[in-house]
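Take a look at the structure set out below.
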Amino acid sequence: MNHSVVVARFSFPIDANIAKANLDSVGIPSYIADEHTVNMQWLYSDALGGVRLFVPEQFLEEAREVLSLDFSDDVDLICDVEPNRCPQCKSQNVFTYTKGKRSAFFVFFFLGLPTFFYKHGLKCTDCNHFWKQ
């Protein structure tokens, strides 16, 4: 008899679908359980044990090996992704930052008025320069 076993568990259905696509690409049959339940009631995810990805028992080790592979660096090379650089000092030490978030919070907290004068962008850790992407 052919039994299916859980090869991985995910908190979000999109992650399970990406993993299933990886397995499908190498010919390993798989299916996802509890995807729709978690989509409708995401608070049930932990109670159900997450979104489960099943494979036939004979494919378990091969599926674990495929799911352990990380192709992030390959995607960056193929897409020729350039790292974000500060336009002022050319440093790569940048991070996403929301300018004006603190003052917007205080105006909302004390006056009860929603304000939208904050800006999303990048900030350099070396020279503190902020710019919009």
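Counting other Cβ atoms within 10 Å as a rough exposure proxy, the listed residues Phe54, Phe12, Phe71 run Phe71, Phe12, Phe54 from fewest neighbours to most. The residues Glu62, Glu35, when put in order of fewest to most other Cβ atoms within 10 Å, stand as Glu62, Glu35. Given R0 = 30 Å, the distance between the Cβ atoms of Asn39 and Cys79 translates into a calculated FRET efficiency of 0.55. Shape class for the chain: oblate, because the ratio a/c of the largest to smallest gyration tensor axis (alpha-carbon atoms, square roots of eigenvalues) is 1.5 or more and b/c is at least a/b.
How would you classify the stretch 4-78 from its alpha-carbon gyration tensor, with a ≥ b ≥ c the square roots of the eigenvalues: rounded for a/c under 1.5, else prolate if a/b is greater than b/c, otherwise oblate? Note, shape of the stretch 4-78 comes out oblate. In the stretch 4-78, a dipole from Cβ-located charges (positive for Lys and Arg, negative for Asp and Glu) runs towards its positive end, and of His36, Ala63, Ser25 it is His36 whose Cα lies farthest in that direction. Protection proxy ranking of 90-97, 2-9, by the mean of other Cβ atoms within 10 Å over each peptide's residues and highest first, is 2-9, 90-97.
Within the shell defined by Cβ-Cβ distances under 14 Å, the residues around Ala16 carry a net charge of -1, with Lys and Arg each +1 and Asp and Glu each -1. Electrostatic bookkeeping for Val55 treats Lys and Arg as +1 and Asp and Glu as -1; over the other residues with beta carbon under 14 Å from its beta carbon, the sum is -1.
Excluding same-chain neighbours fewer than eight residues apart, the lysines reachable from Lys99 by a Cα-Cα span under 22 Å are Lys90, Lys119, Lys123, Lys132. Ordering Arg52, Arg64 from the fewest to the most neighbouring beta carbons within 10 Å gives Arg64, Arg52.
A short reminder: the numbers here are calculations on the coordinates, not readings from a lab. The shown structure was predicted, so the numbers you read here are calculated from the model rather than taken from an experiment. Note: ideal-geometry Cβ built from the backbone for every residue, glycine included; neighbour counts use all protein chains shown.
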